[in-house]
Amino acid sequence: MNAANAAGAASPPVGDMIIFLIMAAWVAFFAILTITRRNPVTAVMSLVATFFGLAAIYAALSAHFLAVIQVLVYAGAIMVLFIFVVMILNREEVAPLSLRPMRLLGVVAGVYLTWTFIGLAWEGVPPKTPLPVVSETYGTVASVGDMLFREFLYPFEAISLLLLVAIVGGVVVSRSHQKEVAAQRAADYRKQVEELASSDFPGKQEELPASGGGHH
Amino acid sequence: MAIPTAYYLILSFVLFLIGTTGVLLRRNALIVLMGIELQLNGGNLALLAFARQLGDQKGHVFAFLVIALAAAEAAVGLAILVGLFRSRESVNLDDATMMKR
């Protein structure tokens with residue numbers, strides 16, 4: 001690895017390149033599968049596969065801590081949450097894509113954006129830019145944790161507060177409103193009945209003009 | 001692994017693009033949320049690629065914070081989805097027009 005870094009301008013090793021391309025193809029394939037499947041369960045499973053591929057790519061970037069976190073938090077916790085919700089509201093989609101003629105313009109813009117970005121990446125960080133040699137501890141739990149708790153202690157605490165707010169918000173938003181809805185319906189019904197009772201039928205009035213109040 | 005950073009950046013852009021496509025074109029709110037997750041992961045990959053290029057670990061900390069943020073977003077988003085399903089009996093985003101005036 002050091003030899004490859006020292007060479008710098010040389011093209012990357014063929015073996016590394018093949019492994020990277022396999023992982024990149026894996027990630028892109030399952031990402032496309034995620035957004036094209038009609039069945040939400042298939043989509044969630046494809047997303048899990050995408051996250052596992054991404055964890056491998058993170059490890060290739062010597063971000064070991066992030067690779068582990070990706071599997072634990074994303075492929076573990078967040079995806080379980082998704083699976084739960086899919087199981088609660090499993091509905092087949094009638095028309096999966098909302099395609100309109102104007103969207104063609106979006107496709108053109110997307111293609112142009114892709115072209116521009118690839119050019120930008122190629123010029124901004126040319127493939128011949130040598131990667132710096134990093135220490136053995138780069139990206140490990142110990143060194144990232146050290147930086148997290150020394151330099152980024154305040155953001156860390158802020159994110160814990162954010163998670164707390166999200167938990168409370170989630171419970172409040174998703175709690176059942178059935179009792180309130182039922183009470184509202186009962187009140188509406190009572191109001192309707194009272195309105196009907198207070199205004200007499202025109203037909204009845206002709207028959208019994210005197211006893212109009214008796215039907216209350 | 002000595003893969004040039006540009007390749008990682010292109011992969012991150014492809015991920016972000018796929019996520020954006022999912023967000024814009026799908027009607028199922030679940031798939032839209034998954035598209036948002038893909039977008040966040042594309043951003044994370046770019047952060048980590050630049051962190052490796054610069055030999056700096058700050059990008060790792062930011063990626064960690066983004067993952068925590070994604071967890072919060074997924075929790076709130078899915079809760080809203082469940083609430084939407086309770087009131088509309090549908091997860092089709094075209095049905096969610098309560099705030100459209």
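Read-outs: derived from the displayed coordinates by stated rules, not from any lab. Remember, predicted model here, so these are calculated numbers, not experimental data. Here the Cβ is made from the backbone with ideal geometry for all residues, glycine too, and neighbour counts use every protein chain on show.
Here are some notes:
- Peptide-level mean, for B:44-57, of C-beta atoms on other protein chains within 10 Å: 6
- Cα shape, segment A:42-163, gyration tensor, a/c 1.5 rule: oblate
- A simple rule links phi to the HN-Hα coupling: the Karplus curve 6.51 cos²θ - 1.76 cosθ + 1.60 with θ = phi - 60°, which for segment B:7-18 gives 5, 4, 5, 5, 4, 5, 5, 4, 4, 4, 5, 4 Hz, with x for Gly and Pro.
- Only Cα pairs under 8 Å and 6+ residues apart enter the sum, and on that basis the relative contact order of chain B stands at 26 percent.
- Counting only DSSP H runs of at least 4 residues, each contributing -39500 (n - 2.57), and dividing by the residue count of the protein assembly as shown, the helix-based mean residue ellipticity at 222 nm comes to -24000 deg cm²/dmol.
- Residue (of A:VAL133, A:THR114, A:ALA67) at the positive-pole extreme of the protein assembly as shown, dipole from beta-carbon charges: A:THR114
- Placing a label point 7 Å from the Cα of A:VAL134 along the Cα-to-Cβ line, the residues of segment B:47-71 whose backbone N sits under 20 Å from it are B:47-68.
- For the protein assembly as shown, the fraction of C-alpha pairs farther apart than 29 angstrom is 49 percent.
- Per residue of peptide B:12-20, the mean number of Cβ atoms on other chains within 10 Å of the residue Cβ is 6.
- Listed peptides A:121-128, B:54-61 appear in the order B:54-61, A:121-128 once ranked by packing, highest mean of other Cβ atoms within 10 Å at the front.
- Annotation for chain B: GluC sites (Glu not before Pro) lying in DSSP loop with at most 12 further Cβ atoms inside 10 Å of their Cβ are B:GLU89.
- Segment A:42-80 residues near the modelled A:PHE156 label - backbone nitrogen below 16 Å, point 7 Å along Cα→Cβ: A:65-66, A:69
- Here's the picture: charge each Lys and Arg Cβ at +1 and each Asp and Glu Cβ at -1 in the protein assembly as shown, and of A:SER174, B:MET99, A:TYR154 the one pushed furthest to the positive end of that dipole is B:MET99.
- At q = 0.17 Å⁻¹ the log10 of I(q)/I(0) for segment B:5-93 amounts to -0.74, computed by Debye summation with a single uniform scatterer per C-alpha, solvent ignored.
- Mean per-residue shielding of peptide A:53-66 is 6, counting Cβ atoms of other chains within 10 Å of each Cβ.
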